[in-house]
Every structure is written in structure tokens, then in C-alpha cells.
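Chemist: Take this structure, written in C-alpha cells, and hold onto it; I'll ask about it next.
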Amino acid sequence: MKQVIFLQVLLGILCCFSIFCANAEDPYRYYTWVVTYGTRAPLGVYQRVILINNQFPGPPIEAVTNDNIIVNVINQLDEPFLITWHGIKQRKTSWQDGVLGTNCPIPPHSNWTYKFQLKDQIGTYMYYPSTSMHRAIGGFGAVNVNQRSVISIPYPAFAGDFTLLIGDWYKAGDKALRKRLNSGLALPLPDGLLINGLHKSSVFTGQKGKTYRFRITNVGISTSINFRIQGHSLILVEVEGSHSLQEVYESIDIHPGQSITALVTLRGAIKDYYIVASTRFTKPILTTTGILRYQGSHTPPSLPLPIAPTYHVHWSMKQARTIRLNLTANAARPNPQGTFHYGQINIVRRLVLANAKVKINGKLRYTVNGISYVDPTTPLKLADWFNIPGVFSLNNIKDLPTSRPPALGVSVFGLTLHDFVEIVFQNTEPTIQSWHLDGSSFYVVGYGDGKWTTALKKRYNLVDAISRHTVQVYPNSWTAVLVSLDNKGMWNLRSQIWSDRFLGKQTYLRVWNDEKSLYTETDIPPNALRCGKAIHL
């Protein structure tokens, strides 16, 4: 009898445990995306664009922290193709990062399935093509990651969500732009700006008196934008996955690859108001508009387009002192700023990365510390995993700018897992730059004019800088960031000025340790594509 009771209790425990395990696994979201060419007229002229499931921009991913994302990408283009997940950290899974340093491209008329988890992230992100100049003609979309229901958000409740993908646009196709760049010519000023793939017809409707969350991303390939809404203030609440101090702004500058989230309360009269995006640092200034429509309104805006104020919000040291990462951030993972004070951590290595516009073999190229990056036919990640020689060498790029002649090469920094690194972006060009790091976020701690020196470290914000993954560097200036390299893998550090990246303004960080463990990195996926020297492995 006792044995029967014991077995019943044991079976009950096992049953409860199995139910717990079943419920403990994070949800899966499945997508099938067919990538094709199509015809659209974003600026009034019909041209070829990249569609995903016949949509331009592509379909959004609406998900929740820790969701597992499965995306089967069917490439119906006439060229190899990859999608990268901008700002998604790919924890332990750089295999899924979707750049040529980690993945073989998907051949035409074939498919490949991405599998990754939105591990411990919330916020406003995006995806886009990483191959060639495909990004210039579409294939991009939103990735919106919400907090789990059991975790509150550190800002007031809102009545609805609006996603705005804003960026510059060229009437010339990707192949024409690529041909121009390969011939040694820089790209001209874009032909216009778009909001969600439209020039002047995006409409967002809400009710008077209610507050709405605006997710705003610069999906352009070259141009900084200023964003504002006629007669309305913007309360900044999130920057690239980090909650910010809730300051109020009339307008906000958003540089290529950057995302913000702002709350807007509809306090005006019931009518239509202009949503305005205009280029920064360009002559002439390009402008596009949308409409914020109060429900029941049929009255067009009666005032001229709101002019951006003489001051602009820049992601600078000045802002870093006022917009700090809110310590009540709702990511499932503890906020690093709250668990370790980044300003008190010993820096184990400093990289001072100087970008430059150069001529190599008589053609326009861009370099980082003298090397203009060229993608090898074998992805760096495959070469590293299978110990394939002759693909890349570690630390062939120097930690500091050099006077050596510029050269083409495959530049890879070798770093150790959990290194705490200082990166200084030194902009030697008269144009604004935007830099993005895959796999990690960094604290933006300083900026300034001219050439960076160690004496300028005393100006760093070592207390409450915001954590993000993309940062601008002003003309002939510098920006400094601190990053904890806590994610093993091969990670692309690239210019978000896409023509510059295409012509070599990028490099890779190999974050590694000698421990082979699923706790630090997953094994190579069974479906991994093979190419180059890895094709028969």
C-alpha cells in the first residue's frame, strides 16, 4: 500500500514537473518570407524594389522578450541575399547574425531558415538586407519587442502603437548605385525621404486626449533626419532597447541605424497635424510629411510645415548627462548599469578607430585604421569554427591609427570573452558618421571636436551614460564608447552609411575564449550553408 502511495506521489510530482517544463519554454513565432522584386513608385517614379511577401516595407515582427523567432527566407532574387537583425544581440548565436562575416548568402531561388531568440531584450529594432546595395531598394522592416506581461514598463500607459520607418531614398536602383560606387564615384544626395515607404501620404489616427507610443527608426542608407510633429511634444522613453529619462522635446535628430520611442499625447483641436521628417547636414534640405489625424477630423493642417527649432537633440555627451538609462528598465536580464557600475570597471584594451576616405588602385574606398575591408568568399565564422587557414588573421588591423599606406584586407580584432573595451571612433572626414556594433550594446561616454587624446578621458560620463548599439560621430570629431564583450562570436562593426560600408568602412570583432560550451556559444546549426573553402566540410 505504501509503495502504491509512493508511486502515486512520484507520478504526481513528475506530472507537475512535465507541465512546468512545457509551460517554461518560451513561445515560438514562425514566419515564411518570400523575397522578390516588385515595382513601386515611392517618389512618383516607378522603379524596382525588394518586397517581402509582396510588402514594402517588409512585414513587421511583433514579439515579446525571450520569444524564439523562426524565419524561413525564400530568396527569389537574381542575386545572393541575406537579412541582418539590427540591434538584436543574437546571444550565443552569431551564426544567425545575417552578415557575410557569419553566414554564407542565400543563393537565388533557394531558402534558408533563421532561428534565434530575442533573449533579454525589449525595444525598437529593425531588419534589412546586408548584402551588396540591396538595402537601398527595400527589404527592410520593423522588429518591435515588447516586455512580458508580468513586467511593468517605466512610463505611463498608452492607447496604441505607431511604427514609423523613416529614411532617405534614391530613384536609381541598387545595381546603378553599386555600379557608380565601383566606378570610383560617391553617391549624390538622395532624391527624397519616405515614411513607411510613402513620400507624403502616411496617416496615423488617434483619439483626442489619449497618448500614443511612436516607434521611430532611421532606415536610410546615408542621411540623418530631424523628426517633429506639428503642435505636439515628444516624450523620449526608449533608445535602442534602453529606457531613458523622460525628457520632453520639440524635435529629435535620428541618425542612420538609430531608433527611438517617444510618447505623444493628442491635446490639440480635432484636426490634422503634420508629421515632419527633414534631412540634417544637407544642402538642400529634403523634407517629407505624414499626417497625425485626430479621429473624426476631415480638416487638413492649416499651418505651414513646422520648422525645426534652432537647437537640435543630438546623441551627445550633453544629452548623456540628461538622458540616462532608467534603472527601472524592464528587460528580463538585470540592467548592467545597476549590477555593475561601468565607470568603475578596468578597461583591458582600447581601440582608436580612424575612418578615412582614400583612393586605392585609383578607385574610391573607405578605410578603418588603414584597411579597407573586403569580404572573403568564406565567412569568417566558418573559417574560425573549422580552423580553415588563409581566410583571415587576427589583429592584422592595429589598435591605433597608423601612417601605413591604405590597403584592401580582411581586418579582424581578436578579443577575449568578457573583455571590457574602450572604442574611440575618430572621424577624419567632413561628414557625419554613424557606427553600429552587432552582438552587444555599448555606453556612449564622450564626444568632442578634433583629434581624441587620453587627456580627454576626464570629460567622460562614467556615471549614467545610456546603452545603445548605434552612435553618430560628428565631422572631424570623435565619439567614445565602453562595451562589455559578454557575447561570444564573430561580430560586425560597421558604418551605417551604407555606401561607405560597401566600400570598406567596416571590421570584425572576434570575441572568443577556449571553452567549448553551450553556455557560451551554440554549435554550428545543422542547416548552416557552406560556401568558399567550407563548401565540402
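Chemist: What are the lysines whose alpha-carbon lies under 20 Å from the alpha-carbon of residue 175, with same-chain residues fewer than 8 places away excluded?
Modeler: 363, 505
Chemist: Any chance you could run the full-extension gain for residue 285 through residue 248? It's 0.36 nm times the residue separation minus the Cα-Cα distance, nm to one decimal.
Modeler: Using 0.36 nm per residue and subtracting the Cα-Cα distance, I get 10.8 nm.
Chemist: Using the alpha carbon gyration tensor of the stretch 105-144, what are the three equivalent-ellipsoid semi-axes (square root of 5 times each eigenvalue), largest first, in whole Å?
Modeler: 22, 16, 7
Chemist: Continuing with this model, one more query. Which three extents, in angstrom, do the Cα atoms of the chain have along their principal axes, listed largest first?
Modeler: The Cα atoms of the chain stretch 85, 62, 54 Å along their principal axes.
Chemist: Could you work out what % of the accessible surface of the chain is carbon and sulfur, using a 1.4 angstrom probe and leaving DNA, RNA and ligands out of the count?
Modeler: 57 percent
Chemist: Pull up the DSSP beta bridges for the stretch 160-322 and report the antiparallel fraction as a percent, rounded to 5.
Modeler: 75 percent
Chemist: Debye sum, Cα scatterers, the stretch 425-513, no solvent: what log₁₀ I/I(0) at q = 0.10, 0.17, 0.24 1/Å?
Modeler: -0.26, -0.76, -1.27
Chemist: Please work out the Kirkwood hydrodynamic radius for the stretch 368-485, using every pair of different C-alpha atoms, and report it in angstroms with one decimal place.
Modeler: Computed over Cα pairs of the stretch 368-485, the Kirkwood hydrodynamic radius comes out at 15.9 Å.
Chemist: Also: Residue 396 to residue 298: extension gain in nm, 0.36 nm per residue of separation minus the Cα-Cα distance?
Modeler: 29.0 nm
Chemist: As a test of understanding, state the convex hull volume per residue of the stretch 215-255 from its alpha carbons, in Å³.
Modeler: 73 Å³
Chemist: So, one more: So what's the Cα pair-distance distribution over the stretch 131-222, bin width 10 Å, in %?
Modeler: Percent of Cα pairs in each bin: 13, 35, 25, 16, 9, 1.
Chemist: Rank-order 241-250, 385-394 by packing density, defined as the average count of other C-beta atoms within 10 Å over each peptide's residues, highest first.
Modeler: Most protected by this proxy first, the peptides run 241-250, 385-394.
Chemist: While we're on this one: Quick one: net charge around residue 405, please, counting Lys, Arg +1 and Asp, Glu -1 for every other residue with C-beta under 13 Å from its C-beta.
Modeler: The answer is +3.
Chemist: With r defined as the distance between the Cβ atoms of residue 182 and residue 524 and R0 fixed at 41 Å, what FRET efficiency is calculated, to the nearest 0.05?
Modeler: The calculated FRET efficiency here is 0.80.
Chemist: Oh, and also: With the other protein chains left in place, how much accessible area per residue, in square angstrom, belongs to the chain at a 1.4 angstrom probe?
Modeler: I get 41 Å² per residue for the chain.
Chemist: Which of the peptides 63-69, 98-104 is most tightly packed, and how do the rest follow, judged by the mean count of other Cβ atoms within 10 Å per residue?
Modeler: With the highest mean Cβ count within 10 Å placed first, the list reads 98-104, 63-69.
Chemist: Going by average Cβ density within 10 Å per residue, which order do the peptides 439-448, 342-351, 29-38, 213-222 take, highest to lowest?
Modeler: So the order, starting with the most tightly packed, is 213-222, 439-448, 29-38, 342-351.
Chemist: Now for a different question. Give me the percent relative contact order of the chain, please, defined on Cα pairs under 8 angstrom at least 6 residues apart.
Modeler: Reported relative contact order: 14 percent.
Chemist: Calculate I(q)/I(0) for the stretch 28-146 by the Debye formula, one identical point scatterer on each C-alpha and no solvent, and give its log10 at q = 0.21, 0.23 Å⁻¹ to two decimals.
Modeler: For the requested q values the scattering log ratios are -1.19, -1.39.
Chemist: Let me ask something else. Using a 7 Å offset from the Cα along the Cα-to-Cβ direction at both residue 486 and residue 70, what is the distance between the two label points in nm, to one decimal?
Modeler: About 3.0 nm, to one decimal.
Chemist: Rg and Dmax of the stretch 160-322 over Cα atoms: what are they, in angstrom?
Modeler: 16.6, 55
Chemist: Out of all DSSP beta bridges with both ends in the chain, state the antiparallel percent to the nearest 5.
Modeler: Roughly 70 percent of the beta bridges in the chain run antiparallel, per DSSP.
Chemist: Could you pull out the pairs from 381/458; 179/381; 119/516; 208/283 whose alpha carbons sit more than 31 Å apart here?
Modeler: In this structure, 381/458; 208/283 lie more than 31 Å apart at Cα.
The values are calculated or read from the model by the stated rules, or taken from the named source; none is laboratory data. Because the structure is a prediction, the values reported are computed rather than measured. Cβ atoms come from the backbone with ideal geometry, glycine included; neighbour counts cover every protein chain shown. Accessible surface is based on the protein model in full, side chains and every heavy atom, while ligands, DNA and RNA are left aside. Shrake-Rupley method; radii C 1.70, N 1.55, O 1.52, S 1.80 Å.
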